[in-house]
Amino acid sequence: MFLLLMLAAYAAGAVTALALPPARGRRPAAACLALGALAGAVAGARVVITGQPVGWELPSSLPGLALLLELDPLGGFFLCLIGLVVLPAAIYAPDYLASPAAPDAAGGAHAADGGRVAGALTALFILSMSLVVAAGNVFTFLLCWEGMAVCSLLLVVGDGATEERRGAGRWYAGMAHAGFLLIAACLLLLAARTSGGAFADIRGASYGLGTGARNAMFLMALFGFGSKAGLVPLQGWLPRAHPAAPSHVSALMSGAMLKLGLYGFLRVVFDLLGGGPPWWGGLALALGIISALYGVLYALLERDLKRLLAYSSIENLGLIFMGAGLGLVFHGAGRGDLAALALLASLFHAFNHAAFKGLLFMGAGSVVRATGTRDLEAMGGLIKRMPWTAACTLVGAMAIAALPPLNGFASEWLLFQSLMAGVGVAGPLFAVAMAMSVGALALTGGLAAACFVKAFGITFLALPRGRAAAEAAESPRLMRLAMLIPAAACVLLGILAPSFGRFTAAALAAVPWLDPSSASFRLDAGFEVRDGFGRIAPAVLALLLLGSAAAAWGAVRLLASRRRRVGETWGCGRIGQTSRMEYTAAAFAEPLLRVFGDLLRPTRDLTIEFHPESKYFVRSIGYRTRVRAWLEEDLAGAIRRLLRPLGGSGRLIQSGSVHLYIAYVFAALLAFLLLARWM
Amino acid sequence: MIGAGGGATGLGAILVEVLQGLLALLLAPGIVGLVRFIKARLQGRRGAPPWQPYRELAKLFGKEMVVSRNASWIFGVAPYVVFASTLAVALLVPMLAAPLPIDRAGDLIVVVYLLLLGTFAIGLAGLDPGSAFGGMGSSRALTIAALAEPTIALAVFALAVPAGSTNLGRIVARAIEDPGGALSPGHLMALAALFIVMLAEAGRLPVDNPATHLELTMIHEAMILEYSGRSLALLEWAAFLKFFVFLSLLANLGLPWGVALNPGASAVLVAAAILIVKVALLAAAVAVLETRLAKLRLFRVPELLSVSFLLALLAITSSFLVE
């Protein structure tokens, strides 16, 4: 019922955006999308809470090509997650796109068609994301997965007017399709053993597969879905595509679409394949750790606000896959109770990341709309001109830095506890590996805090570093409302974390071998793991913090002097302060750049021009430092070198003649028929 | 909301909590004054009396506050966030009795991230007035905090595995019940690691010099350079409190005897007296250490922290082998 309402609302959104002139059509289209998001969240929540899957089938005469929707608790959970991102993004979009100043709003008012197609594509993108999690067979899943990739690709490329957008499009198209091929191969191999490719049939059939086939399918699923989630070494498209897309689309992509990489991984590896040997999980865990550290280090050094957020998404998806990988390890070691704990951490963090990353991208969009730039070094002082955006972004920054009592802390705490639980599971070597993972997780947390002090502090605090920042204006009311929704979610999910944890645990019931009732966590007023190995009560912590702050404020108010004077910033006797004296984003990150210099390999140029008379007088100093994302660039270069000769030889069979292509199709069909007959 | 958890419940436990908070707040400046006093004597100076910090706080609270015209509301709110998060930590760390019901609200990981909340707030406040000093201070403070984080987490891990809990009250209670465990090599190495990190987190030598006003070496002092009056008083008090909490945490983890296992009035009073003695002894040790050590260059600090990381890793490995 709600599922159909959601589909109808999204479809109506697409039609409205296409049919009405953009100036009048944006708000009705947004209203449709917001309605669809609410309906989807309700549908998803109902399935999670009741545990009863809902389904709907559009039969087809061809075997395996029926459209089958079946929403189970795991899909319902992700449908709620998508709704949480879509609702604010839909409210945000109309005013954001109407502004002429936003340089990244390629689908905005200054596009050739006024943004009609982009509006419709956004609706279709959301629709296909929602259908991915509701897909009940291989055909539906692959169709929607590809629809999601193509719509988002077109939104990233936009009008293709700049080299940045075209380059982002090439990266994204390459990665998305390489991933799609792996996923398609994996799912089709699974479907080959059933008649219609329905997930329900595959579940039973997959246990009969040989070890080699299962391992190959796992690797295809890991790298296929990992390319969507931005796991290292498949992360290169993320820092290119997110900045190029309009900010509400970035919010949708980073907040919702990346999580579908996790959804697909869980669906195929946990549900359809039913788990596997411990090394599967170990590999996912290792990739997660590497992605987390990689993402946060490059985020820390980035000076482009939206690229910084994209790198931070790599970090967070890394944390999410750490949880999922750990769950697989525990399952492989026969500890289903601990696997449930690790998966709870993973899903919880996925939901939290949807809330704060959606919020941060919308905050960044507001800043970009107001200043016309994404360069941190041109910003500053925006907190005074854009107080609402600043306050919401601050909540997001604190949540993503995992500061209590906000939501990021609750899920990172669960992840810490899951890693610590790994000590007794396998031999001493594994215990040391767990200890190193705990260290890596903590380092990620600390670096994320440094990164978001930089991102928020340089953007919003101190004096404006440029004219655009000095003249920035606050966003319109709807955009502010849109940012308040995920900001409230960050606070509520943090304080009411145990209640939401129960909801998340109910979603785990979809995985057949996970039994949440025997899981090694308890959720009452607080989180408790492993019979009191660790326990927190986030609401009590929030009260404790608020109470301490209120007591301090009251005591100071009563007892201390109330005199206050506004003066100049102290400056060792210099007259007047300018923004040139402020710390910059590059300077802020410099100590950590030096500490991790061996990994990041920065290049530095220092040119000093001396006075001709004496070397003691300097005319000018030039200092340039550049950090190249060498892993992505070198890897892409290697692949390009490998593929170029192949592409050249592929040209031999291309003639442009339609007859010839029809002959190819015929030959291929014949070959497959013969092959099928022979096998 | 906090159900029956350990040895203590109800009104008595709340009284112990309040007493603990007040004790920490009131004693913290005196302990820092004691460190300064001993250091002065060791360096051949007469030095200010140990109660000098109380006078400084009283003076600052009575003074006018000067706020930069470039600063925003972040600058005004940050001292309260820092103070509140440190006070919350002071309430979570078992000082007088263990385990108290509040122990079930937060564990050692919470303590670590509450301290990070304070660092986050003061780091933003350092950038807010737009002075180069403040930016330099927050950049360095966040660098050190980020690099210290893995070590703290590992030390937490090393303490939690043998005790079977990350909640501090249970760790301390377990150490009292099993004194042999408190002297095991794993526990001692974890404590050594925690001690090194504590020096970094509390801004003591050899990582930061709390007495310096030389811009090349400042970290914490650079961030709070713009503060004056009651805001500065709050920040100073929070820094004293943080130092005190660290010392009592180390004292109660290393030498847990004296912590009351039941919140009876006499037991708690004895515990308070023993705590003061333990913390004063540790403070004297820090004073001796700070007299003997020179400040490290900023880029040598990661080496110190990696030593501490290694100690914590060894602690975990050894606790695993001993099992």
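Scoring A:Lys384 on the criteria (1) out of contact with any Pro (no Cβ under 7 Å at 6 or more places or on another chain); (2) under 26 Å from B:Ala78 (Cβ atoms); (3) more than 10 Å from chain B (Cβ to nearest Cβ) leaves a single failure, condition (3).
When region A:589-603 is limited to residues that are outside any helix (DSSP H, G or I) and surrounded by 10 or more Cβ atoms within 10 Å (Cβ to Cβ), the one that is nearest to the other protein chains (Cβ to nearest Cβ) turns out to be A:Phe596.
Annotation note: of A:Arg562, A:Arg557, the sole residue that is more than 8 Å from chain B (Cβ to nearest Cβ), outside any helix (DSSP H, G or I), over 32 Å from the mean Cα position of the chain (by Cα) and among the basic types (Lys, Arg) is A:Arg562. Checked against (1) assigned to a loop (DSSP other than H, G, I, E, B); (2) more than 8 Å from chain B (Cβ to nearest Cβ); (3) in contact (Cβ under 8 Å) with a residue 24 or more places away in the chain, A:Asp531 passes all but a single condition, namely (3). Selection within region A:565-588: residues that are at the interface with chain B (Cβ under 7 Å from one of its Cβ atoms) and part of a loop (DSSP other than H, G, I, E, B). The member of this set that is surrounded by the most Cβ atoms within 10 Å (Cβ to Cβ) is A:Glu582. Can you find a residue in region A:47-62 that is under 23 Å from A:Ala488 (Cα atoms) and crowded, with 24+ Cβ neighbours inside 10 Å? Within region A:47-62, one or more residues are under 23 Å from A:Ala488 (Cα atoms) and crowded, with 24+ Cβ neighbours inside 10 Å. Of all residues in region B:289-299, those that are at pLDDT 85 or above and either within 13 Å of chain A (Cβ to nearest Cβ) or exposed (fewer than 14 other Cβ atoms within 10 Å of the Cβ) (or both) total 1.
Only one entry of A:Leu181, A:Leu143, A:Leu187, A:Leu121 meets the criterion of being more than 27 Å from A:Leu222 (Cβ to Cβ), over 18 Å from the mean Cα position of the chain (by Cα) and modelled with pLDDT of 90 or more, and that entry is A:Leu121. Answer yes or no: is there a residue in region A:372-379 that is part of a helix (DSSP H, G or I), over 30 Å from B:Arg69 (Cβ atoms) and touching a strand residue (DSSP E or B) at 6+ places or on another chain (Cβ under 8 Å). So far as region A:372-379 goes, no, none of its residues is part of a helix (DSSP H, G or I), over 30 Å from B:Arg69 (Cβ atoms) and touching a strand residue (DSSP E or B) at 6+ places or on another chain (Cβ under 8 Å).
For region A:571-620, taking the residues that are over 24 Å from B:Thr143 (Cβ atoms) and aliphatic (A, V, I, L, M), the one that is modelled with the lowest pLDDT is identified as A:Ile575. Evaluating B:Gly76 against the criteria (1) closer than 16 Å to A:Leu544 by Cα; (2) touching a strand residue (DSSP E or B) at 6+ places or on another chain (Cβ under 9 Å); (3) surrounded by fewer than 23 Cβ atoms within 10 Å (Cβ to Cβ) leaves one unmet condition, (1). Annotation note: of B:Val161, B:Val110, B:Val156, the sole residue that is touching a strand residue (DSSP E or B) at 6+ places or on another chain (Cβ under 7 Å), within 10 Å of another protein chain (Cβ to nearest Cβ) and aliphatic (A, V, I, L, M) is B:Val110. Checked against (1) at the interface with another protein chain (Cβ under 7 Å from one of its Cβ atoms); (2) closer than 30 Å to A:Ala462 by Cα; (3) crowded, with 24+ Cβ neighbours inside 10 Å, B:Ala132 meets all criteria but (3). Residues in region B:87-107 that are at the interface with chain A (Cβ under 7 Å from one of its Cβ atoms) and either at positive phi or under 18 Å from the mean Cα position of the chain (by Cα) (or both): 5 in all. When we screen B:Ala13, B:Ala84 for residues that are away from chain A (no Cβ under 12 Å), farther than 20 Å from B:Ala283 by Cα and crowded, with 21+ Cβ neighbours inside 10 Å, the only hit is B:Ala13. Could you list, in sequence order, the residues of region A:435-448 that are β-branched (Val, Ile, Thr) and either free of Cβ contacts under 8 Å to residues at least 12 places away in the same chain or at the interface with another protein chain (Cβ under 7 Å from one of its Cβ atoms) (or both)? A:Val438, the sole residue that qualifies. Taken as a whole, the condition of being within 30 Å of A:Gly332 (Cα to Cα), within 12 Å of chain B (Cβ to nearest Cβ) and crowded, with 24+ Cβ neighbours inside 10 Å does not apply to A:Gly424.
Per the conditions (1) modelled with pLDDT of 80 or more; (2) crowded, with 20+ Cβ neighbours inside 10 Å; (3) not β-branched (Val, Ile, Thr), the sole criterion not satisfied by B:Ser319 is (1). Among residues that are more than 13 Å from B:Leu253 (Cα to Cα) and facing chain A (nearest Cβ under 7 Å), B:Leu115 is not included. Screening region B:54-70 for residues that are in a helix (DSSP H, G or I) and either under 19 Å from A:Pro464 (Cβ atoms) or charged (D, E, K, R) (or both) and picking the one that is nearest to the other protein chains (Cβ to nearest Cβ) gives B:Lys59.
Residue-by-condition table, conditions (1) β-branched (Val, Ile, Thr); (2) touching a residue at least 60 places away in the same chain (Cβ under 8 Å); (3) in contact with a Cys (Cβ under 6 Å, 6 or more places away or on another chain):
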{"position": "A:Glu164", "(1), (2), (3)": "no, yes, no"}
{"position": "A:Ala168", "(1), (2), (3)": "no, yes, no"}
{"position": "A:Ala178", "(1), (2), (3)": "no, no, no"}
{"position": "A:Leu181", "(1), (2), (3)": "no, no, no"}
{"position": "A:Leu187", "(1), (2), (3)": "no, yes, no"}
{"position": "A:Leu190", "(1), (2), (3)": "no, yes, no"}
{"position": "A:Thr194", "(1), (2), (3)": "yes, no, no"}
{"position": "A:Phe199", "(1), (2), (3)": "no, yes, no"}
{"position": "A:Gly204", "(1), (2), (3)": "no, no, no"}
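Those helices (runs of 4 or more DSSP H) of region B:173-240 in which at least 2 residues are more than 17 Å from B:Gly137 (Cα to Cα), considering only elements entirely within it, cover B:179-182, B:185-201. Out of (1) under 30 Å from A:Leu593 (Cα atoms); (2) touching a residue at least 24 places away in the same chain (Cβ under 8 Å); (3) not hydroxyl-bearing (Ser, Thr, Tyr), the odd one out for B:Arg297 is which? The single condition B:Arg297 does not satisfy is (2). Total residues in region A:75-102 satisfying the condition of being under 18 Å from the mean Cα position of the chain (by Cα) and not β-branched (Val, Ile, Thr): the figure is 12. The residues listed here are B:Leu253, B:Leu249, B:Leu261, B:Leu275; of these, the one that is in contact with a strand residue (DSSP E or B) (Cβ under 8 Å, 6 or more places away or on another chain) and touching a residue at least 24 places away in the same chain (Cβ under 8 Å) is B:Leu261. Would you say A:Ala397 is touching a Pro at 6+ places or on another chain (Cβ under 6 Å), buried (at least 24 other Cβ atoms within 10 Å of the Cβ), within 12 Å of chain B (Cβ to nearest Cβ) and free of Cβ contacts under 8 Å to residues at least 60 places away in the same chain? Considered against the rule, which asks whether it is touching a Pro at 6+ places or on another chain (Cβ under 6 Å), buried (at least 24 other Cβ atoms within 10 Å of the Cβ), within 12 Å of chain B (Cβ to nearest Cβ) and free of Cβ contacts under 8 Å to residues at least 60 places away in the same chain, A:Ala397 comes out as no. If you go through region A:534-545 and keep only what is more than 8 Å from chain B (Cβ to nearest Cβ) and either of a type in the set (S, T, N, Q) or surrounded by fewer than 23 Cβ atoms within 10 Å (Cβ to Cβ) (or both), you end up with A:Ala542, A:Leu543.
The values are calculated or read from the model by the stated rules, or taken from the named source; none is laboratory data. All of these numbers come straight from a predicted model, not from anything done at the bench. Cβ: placed from backbone, ideal geometry, glycine included. Neighbour counts: every protein chain shown.
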